[in-house]
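The values are calculated or read from the model by the stated rules, or taken from the named source; none is laboratory data. Just so it is clear, the model here is predicted, and its values are computed rather than measured. We place every Cβ from the backbone using ideal geometry, glycine too, and count neighbours over all the protein chains shown.
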Amino acid sequence: MGEPAEKNALRRKAHVGHRAREAEGLSPTRALRLAMARAAGDLWELPLTVNSIRHEIITYEDIRDRFADEDMLMLLDGPDGALSAASADRALRTSVTEVQTIGKVTDREPPARAVTPTDAALFAPLIDMMMERLDLTLSGSSGDVAAHDDTSTAWLMGYRFGAMVENRRTLALALEGQEFHFLIFDIDVAAGLRRGTLSLCMPDIVPAPKPEPEEKNTTPGAHADSLALVSANLTACMPRIKMSVAQITALKDGDTIPLDTQSLFKVELRSGDGRVLAHCRLGQVSGARAVRIQARGAQPDMASARGGDDEFVPVLPNVIEKLQEGGNSAAPLDVPDLPDLPPLDFDEAMAATPEPADAAQPGASLEVASPDDLGNASFE
């Protein structure tokens, strides 16, 4: 079992070396002959021999005279939007159709009929495989056309089947360029059962050299020091809240506005013209108000509200804990900047508190309107 595998490996290595030697100094016409013969063999095991390829340079005005309306006319899509043209005569396209429909090529005279999109669809794999093998042969390796440095054959590489066109006038209007490479293939099909012709018309386009990547200039400009001293005003904005007109007009110095827990994590950092530059959360550093910028798309981290191992301390962690225990209901925040309250005499406060008129009697049940009232109920 090991000997056949070893022979196969040696055969593959020799085949690769043979292809590499073929690519060295291979002319475009010879590369096309090999590519077309191998494509037909790999696709349908169709014996196809290219006897010769005639190569000439023509101008745009000559294109219409080089094609015939009774042939199958095709446009090929190329790199960077380039277009080229191809045509197959009746004998060649009939042979390709027969080998795919009845499995063999006959010696009957090809019927004189109009070309249909079905004919083009059956012929397209031969064009694509031939051009793909041509790219592989001329590039010498993986078929990366961009890696091919020889501009003498760049006009021939990177094309694939595009679409069928109805007449040579439409074909000529689709092409762009001043000069074109025109190639005529003389082909024997199925060991001489038929003889056909394939034509290619490729624009003589030399690809522009790729620009060298520019190095980033890290040298400070002449005004870098001055610009670094320019001040930029940023405003940290809390989330918007809804209030009635009556509530707004009733606000006075010292009032507190209730905020929920999420408000601490939805602070927007805005520029002077009102644009939102970043999303932040409110906290303090060394006793001063501060905001921490959050990553774009990050969710509020409630677990980090108790602080971390750095200097940044989220604002009012004890209030946040109480809010988390009691849900997201709004509660007034004890802002540190407010003045301290005067001392409270608990004895006087207890004496001044009147006894409730409807105090519960021993053994009586207590009625609560709703679960929310439990926090306000008192028991004696």
task = Count, please, the residues in the stretch 126-164 that happen to be modelled with pLDDT of 95 or more and either touching a helix residue (DSSP H, G or I) at 6+ places or on another chain (Cβ under 6 Å) or crowded, with 22+ Cβ neighbours inside 10 Å (or both).
result = 9
remark   = A careful count of residues in the stretch 61-103 that are of a type in the set (A, V, I, L, M) and assigned to a loop (DSSP other than H, G, I, E, B) gives 3
key: Test: residue 26 is out of contact with any Asp or Glu (no Cβ under 9 Å at 6 or more places or on another chain), assigned by TED's automatic domain parsing to the domain that holds residue 197 and modelled with pLDDT of 95 or more   = no
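Table: residues versus (1) within 32 Å of the chain's Cα centre (by Cα); (2) modelled with pLDDT of 95 or more; (3) farther than 30 Å from residue 105 by Cβ.
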| residue | (1), (2), (3) |
| --- | --- |
| 54 | no, yes, no |
| 58 | no, yes, yes |
| 67 | no, yes, no |
| 75 | yes, yes, no |
| 82 | yes, no, yes |
| 87 | no, yes, no |
| 90 | no, yes, no |
